[in-house]
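Working notes, beginning with the structure itself.
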Amino acid sequence: MTKDVAQLLEIPPFSLPQAAKEALFFPAALELTRYHSVHCEPYANILRALEFDPEAAHRTRELPFLPSGLFKAMRLSSVPSEQEYARSLTSSGTTGSQTVHVELDRETAADQQRALAHIAADFIGAARLPMLILDQPSILAHGSGLSARAAGILGFSLFARRRVFALREDFTLDLPAIRMFLEQANGGPFLLFGFTFMVWKYFCQALRKSPEHLDFSGGILIHGGGWKKLLDQAVPPEEFRRALNECCGLHRIYNYYGMAEQAGSVFFQCGAGRFHASELSEVFVRRAEDFSLCEPGEPGILQVLSLLPRSYPGHSILTEDEGVFLGADDCPCGRLGKSFWVTGRLRQAQPRGCSDVYAG
């Protein structure tokens, strides 16, 4: 763990005003940029092609970024080839069939777990609770590789006193296991965790069709993984929440925005509907035509930064998602720093220029 990350883990994750956060975040992010330019030759080549001069950068917004699609096209590592990786993390994403692939050394993997626990505790508390996993048990049957779904389960299992899987291998509800879980939970509190589309299709829809009413009113649901499939089915976030409340009584529902390229430094959604950047992460919204910064309320491409990736240069990424910057230090929930909305995936034609910037 770097000194910068250790320092930020000592304070509440949304306690710094934006100006104070920038004063800490920028030097740490610049140091990461220098580090990866020394230890990852392809990344250094990209910076040379961009004519990036670290001495000329004075703000986080001026640091270079990689398009997320680059992690589908090539493996980028800042770890010596002879060093053993802790694990490989993969995600197919939602664009095409290519797979995102990042290599985690033990330090980076450990930092990601600590950061996830630090951020999530601000929303759900730090107590370890029984957890019902809305997935199939075999999702954790991995070798050296780990899917983003499995990584999410393992990451949030830090908050689990015990784990029970809600789905059988054929994705049907394991009702005996669920009944026993609820009986032992005795009204709660307890956690539920799942990939957004899995929660909707295999949990919520199955409960809607079931003649048996199961009471999850004592539960706290954490879900993430994107809305694309749900939006394609015309299921907006508010309908997702309403349906879960009606079919099983769930009302404490927390969505988070994250990705395999920056595991750990997730952006949780507060009760006011805004996603928040913690002290360990940052967000900008950029225009597709020239990558200039959007004004508050103006839709654009989300750029996300994290101080955690040290085994690979994933600390500054231009995503394939569209969002809106809402403001800083002004959320009704009281959390400081930047807040934003995620409005969906970019149209295929929009992000072409992102990779064109790095051609040659």
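The values are calculated or read from the model by the stated rules, or taken from the named source; none is laboratory data. Quantities reported herein were computed from a predicted structural model and do not represent experimental measurements. Note: ideal-geometry Cβ built from the backbone for every residue, glycine included; neighbour counts use all protein chains shown.
Select, from 297, 337, the only residue that is at positive phi, surrounded by 22 or more Cβ atoms within 10 Å (Cβ to Cβ) and not charged (D, E, K, R).
On the way: 297 fails: surrounded by 22 or more Cβ atoms within 10 Å (Cβ to Cβ).
Checking each option against the conditions leaves just 337.
Considering only residues in the range 6-62 that are farther than 21 Å from residue 284 by Cα and among the small types (Gly, Ala, Ser), the one that is modelled with the lowest pLDDT turns out to be 6. Would you confirm whether any residue within the range 338-359 is under 22 Å from residue 120 (Cα atoms), modelled with pLDDT of 95 or more and touching a helix residue (DSSP H, G or I) at 6+ places or on another chain (Cβ under 7 Å)? Yes - at least one qualifying residue is present in the range 338-359. Is it fair to say residue 184 is modelled with pLDDT under 95 and either in contact with a strand residue (DSSP E or B) (Cβ under 9 Å, 6 or more places away or on another chain) or more than 24 Å from residue 154 (Cβ to Cβ) (or both)? No: the conditions fail for residue 184. The requirement of being among the polar types (S, T, N, Q) and crowded, with 24+ Cβ neighbours inside 10 Å is satisfied by residue 265.
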